[in-house]
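**Student:** Here's a structure for you.
The values are calculated or read from the model by the stated rules, or taken from the named source; none is laboratory data. Not measured: the values here are computed from a predicted model. Note: ideal-geometry Cβ built from the backbone for every residue, glycine included; neighbour counts use all protein chains shown. In case anyone asks, the SASA skips ligands and DNA or RNA and just uses the protein heavy atoms, side chains included. Shrake-Rupley method; radii C 1.70, N 1.55, O 1.52, S 1.80 Å.
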Amino acid sequence: MSPMTHATTTQASNRSENPEGKRKRGPCLLKWLMLASLLHGLTYLLLLPPWMGEDEPWHVEYAHYIGRGYLPWGGRPISAADLELYSPSQAQVVREIGGIPREEILSTQEALVGSMRTHDFWRRVDWAGNGDAALNFDQVSPYLTATHQPPLYYLIVGQILRFSGGDVLVEMWLLRGFSLLAYLAVVLASYELGRTLTRDKWLPLIAAVFVAWWPMHARQAAVVNNDVLVKVFSSWSLVLSARIAVRGLSLRRFCIGLMLALGALLTKTTGAAALVPFGLSCVLSPTLREGLLGRRRWLAPLVLLSILAAIPLLYSASNNPAIPRNTARLVERVSAVFAGGFFDEFARTSVGAFNWYIRDLPSVVHSLVALFAGLSAALLLVGLLRRTGAEQPEFRRRVVLICAAGLLSQITLILLRGVSAGRYAMPMIAALAVLCAAAWTRPFSEDRRRIGAGILVLALVLFDGVFLWSGLVLNQYGVWGS
C-alpha cells in the first residue's frame, strides 16, 4: 500500500470513529431545515387569501388601535346611551380601550369590512351570507370582539403598525409576517426540546420537521392571531422546563422560565398550561445549586401556585370569556364536553378545516391520520419500555414526563373552556412533536432508525401536500359558495 493510500484510509477510519463529524452535521442540517421551513411558511402565507384566518379581522382591529397610540386599558362600562351610538362589537371596544373617538371606531370597522368584501370573504364563507351592505363587524358575526384578549400580543405587534399608515390591508400583511417569524421560532424550539431528550441526531430534526410540516400549524404562519405568540412562549418554556429537569434548577433558570410562562399567560388563556410542566420540572430537578433556591426548595412551587390562583382574577378583569363566572357555568361547560360531538369537532379542526372551519379534508384523510396517531402511540410505548443499550443514545425519560404533563394540562384547559377548536392545543405542539419523533426513532436499532424517521417524514409531506391542494388551492380558490 502506498503512503498516500495509507493516509487516506487512516483519515477515513478516523472520521468513522470520531463522532465529531456527526455532531457538525446536526447544525448544518438544522440550517437547511430552517430554510425549508421558511419557504414552506411563505407558501402558506401567499396562498391564504386576505381575512381567511379565523377571527383575523378582529385581531387586526385590536392591533390597529394599539398602532394608533391607544392602550389596552382605560375603557369604561357600557351604558344604554352607548348602545344607541355603537353596535355591540364597537361598544366592547369602548369598554376595553380608552380614548378612541367614536368616528375612528366606526371608520376602522368600515374599512376592515370593506377590505373583506373586496377580497371575496362572503363568497368563501358560507354562513356569512351577503355582505354587500355590511358596515361593521356585527353584520358579520354579532357581539364578536378580540379586545377582551390578554394584551401582550397586541402591545408587541402594535409597535410594528406605527409606521403602516393606517391601511388595514397593509397591517394585515405586516402581522402575517410576524406570524411567520413566530412559526419559525416554534420550529427551532422543538429542535432544542428534542436535543434535551436525547443525543440521537435524528430525533431533534424529526421533531422540528413535525412542527414545520403539521398542516394546521403551518397554516398559522399565515394567520393574524395571538395563538402564534402564545406558542412561542409555551414552546420555549417547555425547553427551559426540560433543561431544569435534566441539568438542575438555578435562580437564573427559574427566573427565565417564569418570564416565559408569564409571557404565555399575558398573551392568551391557553398559555396557562405552560405552568404545569414548569412546576413539575422544579420538583424533578436532580440538583439545586446554592443560593436563594438552594435552601428553599419549596419557594418555586409556592410562586407558581400563587400565579395559578391569580389567573382567574387577571382574566376576569378584562371580561375574558374563557373564565367561567360561576360554578354553574363551569358545570355547564364540562357537561357540554361529554354530551357528544366535542371530541369529533376537536379532531376535525386539528387535522384540517378551512374557510373559517366550514369545509374539511376528505374523510379518508382523517381516518389515516387517526390510524397513524394510534400506531405512533404504540411505538412510543415500546420505546419507553426499551432500555438504553450500547447502540442506543442516552434517553431522558424526565423530558418525556415534562412533555406529557404539558399535553395533558393543555387538553384539560380545552375541556374547561368548553370550545373544541384544534388551535387551542397548539401551544404544546413542540411536546407532541418530540413524543411523535421519539415514537419513530426510539424503538429501532441504529441502522433502522433512519427508516423510521423516513416513514414519519414521508407521511408528513404527503399529508401536507393533500392539505395544500384540498384546503388552500381547492377550498379557497376552486370552490365558491354562499
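**Student:** If you take the residues in segment 88-118 that are open to solvent by 10 Å² or more (accessible area, probe 1.4 Å) and not in a helix (DSSP H, G or I), which one is farthest from residue 154 (Cα to Cα)?
**Tutor:** 101
**Student:** To continue, here is another question. Would you mind listing the helices (runs of 4 or more DSSP H) fully within segment 327-421 where at least 1 residues are among the charged types (D, E, K, R) and at pLDDT below 90?
**Tutor:** Details: elements: 327-337, 342-351, 363-385, 397-417.
The qualifying helices (runs of 4 or more DSSP H) are 327-337, 342-351, 397-417.
**Student:** Something else now. Could you tell me whether residue 442 is among the basic types (Lys, Arg), within 22 Å of residue 196 (Cβ to Cβ) and surrounded by fewer than 19 Cβ atoms within 10 Å (Cβ to Cβ)? Lay out the reasoning, then the answer.
**Tutor:** Numbers: among the basic types (Lys, Arg): yes; within 22 Å of residue 196 (Cβ to Cβ): yes; surrounded by fewer than 19 Cβ atoms within 10 Å (Cβ to Cβ): no.
Taking the combined requirement at face value, the residue does not satisfy it.
**Student:** Being modelled with pLDDT under 95 and within 30 Å of residue 365 (Cβ to Cβ) is true for just one of 229, 203. Which residue is that?
**Tutor:** Details: 229 fails: modelled with pLDDT under 95.
Every option except 203 fails the conditions.
**Student:** Does residue 405 meet the test of being under 28 Å from residue 283 (Cβ atoms) and either touching a helix residue (DSSP H, G or I) at 6+ places or on another chain (Cβ under 6 Å) or crowded, with 19+ Cβ neighbours inside 10 Å (or both)?
**Tutor:** Values: under 28 Å from residue 283 (Cβ atoms): yes; either touching a helix residue (DSSP H, G or I) at 6+ places or on another chain (Cβ under 6 Å) or crowded, with 19+ Cβ neighbours inside 10 Å (or both): yes.
Against the criterion (under 28 Å from residue 283 (Cβ atoms) and either touching a helix residue (DSSP H, G or I) at 6+ places or on another chain (Cβ under 6 Å) or crowded, with 19+ Cβ neighbours inside 10 Å (or both)), residue 405 qualifies.
**Student:** Right, something else. Can you find a residue in segment 1-10 that is at pLDDT below 75, assigned to a loop (DSSP other than H, G, I, E, B) and open to solvent by less than 80 Å² (accessible area, probe 1.4 Å)? Outline the logic, then answer.
**Tutor:** Our first condition is that a residue be at pLDDT below 75; within segment 1-10, this holds for 1-10.
Filter again for assigned to a loop (DSSP other than H, G, I, E, B), leaving 1-2.
Subsequent filtering for residues that are open to solvent by less than 80 Å² (accessible area, probe 1.4 Å) retains 2.
Within segment 1-10 (the criterion being at pLDDT below 75, assigned to a loop (DSSP other than H, G, I, E, B) and open to solvent by less than 80 Å² (accessible area, probe 1.4 Å)), the answer is yes, since at least one residue qualifies.
**Student:** Let me ask something additional. Scanning for something under 17 Å from residue 192 (Cβ atoms), of a type in the set (D, E, K, R) and under 10 Å from the mean Cα position of the chain (by Cα), does segment 215-229 turn up at least one residue?
**Tutor:** no
**Student:** What pairs come up if the first residue lies in segment 180-194 and is under 17 Å from residue 36 (Cβ atoms), the second is outside any helix (DSSP H, G or I) and open to solvent by 20 Å² or more (accessible area, probe 1.4 Å), and their beta carbons are under 8 Å apart, counting only those six or more places apart or on different chains?
**Tutor:** Within 8 Å, no pair qualifies.
**Student:** Could you say whether any residue in segment 31-48 is assigned to a loop (DSSP other than H, G, I, E, B), modelled with pLDDT of 90 or more, out of contact with any Asp or Glu (no Cβ under 9 Å at 6 or more places or on another chain) and not basic (Lys, Arg)? I'd like the intermediate steps shown before the answer.
**Tutor:** Of the residues in segment 31-48, the ones assigned to a loop (DSSP other than H, G, I, E, B) are 48.
Within this subset, residues satisfying the condition of being modelled with pLDDT of 90 or more are 48.
Checking the rest, the ones that are also out of contact with any Asp or Glu (no Cβ under 9 Å at 6 or more places or on another chain) come to 48.
Then keep just the ones that are not basic (Lys, Arg); that gives 48.
Yes, segment 31-48 contains at least one residue that is assigned to a loop (DSSP other than H, G, I, E, B), modelled with pLDDT of 90 or more, out of contact with any Asp or Glu (no Cβ under 9 Å at 6 or more places or on another chain) and not basic (Lys, Arg).
**Student:** For segment 441-481, which residues satisfy the criterion of being within 24 Å of the chain's Cα centre (by Cα) and without any contact (Cβ under 8 Å) to a residue 12 or more places away in the chain?
**Tutor:** Listed by number, the residues that qualify are 458, 462, 465, 469.
**Student:** Considering each residue of segment 98-115, count those that are within 15 Å of residue 69 (Cα to Cα) and either modelled with pLDDT under 95 or more than 29 Å from the chain's Cα centre (by Cα) (or both), and give that number. If you could, list the steps in order and put the result at the bottom.
**Tutor:** Looking only at segment 98-115, we keep the residues that are within 15 Å of residue 69 (Cα to Cα), and these are 98-101, 104-105, 108.
From what is left, the residues that are either modelled with pLDDT under 95 or more than 29 Å from the chain's Cα centre (by Cα) (or both) are 98-101, 104-105.
The number of residues fulfilling the criteria is 6.
**Student:** While we're on this one: For segment 138-189, which positions are open to solvent by less than 20 Å² (accessible area, probe 1.4 Å), in contact with a Ser or Thr (Cβ under 7 Å, 6 or more places away or on another chain) and part of a helix (DSSP H, G or I)?
**Tutor:** Residues satisfying the conditions are 153, 168, 171, 186, 187, 189.
**Student:** What tally of residues in segment 408-433 results from selecting those that are within 20 Å of residue 283 (Cα to Cα) and out of contact with any Gly (no Cβ under 8 Å at 6 or more places or on another chain)?
**Tutor:** So the count comes out to 3.
**Student:** May I pose another question? Kindly indicate the residue of segment 49-85 that is aliphatic (A, V, I, L, M) and buried (at least 20 other Cβ atoms within 10 Å of the Cβ) and also modelled with the lowest pLDDT among those meeting that condition. I'd like the intermediate steps shown before the answer.
**Tutor:** As a first pass, look at segment 49-85 and keep what is aliphatic (A, V, I, L, M): 52, 60, 63, 66, 71, 78, 80-81, 83, 85.
Imposing the further condition that a residue be buried (at least 20 other Cβ atoms within 10 Å of the Cβ) reduces the set to 52, 60, 63, 66.
On the way: 52: 93, 60: 97, 63: 97, 66: 96.
Among residues in segment 49-85 that are aliphatic (A, V, I, L, M) and buried (at least 20 other Cβ atoms within 10 Å of the Cβ), the one modelled with the lowest pLDDT is 52.
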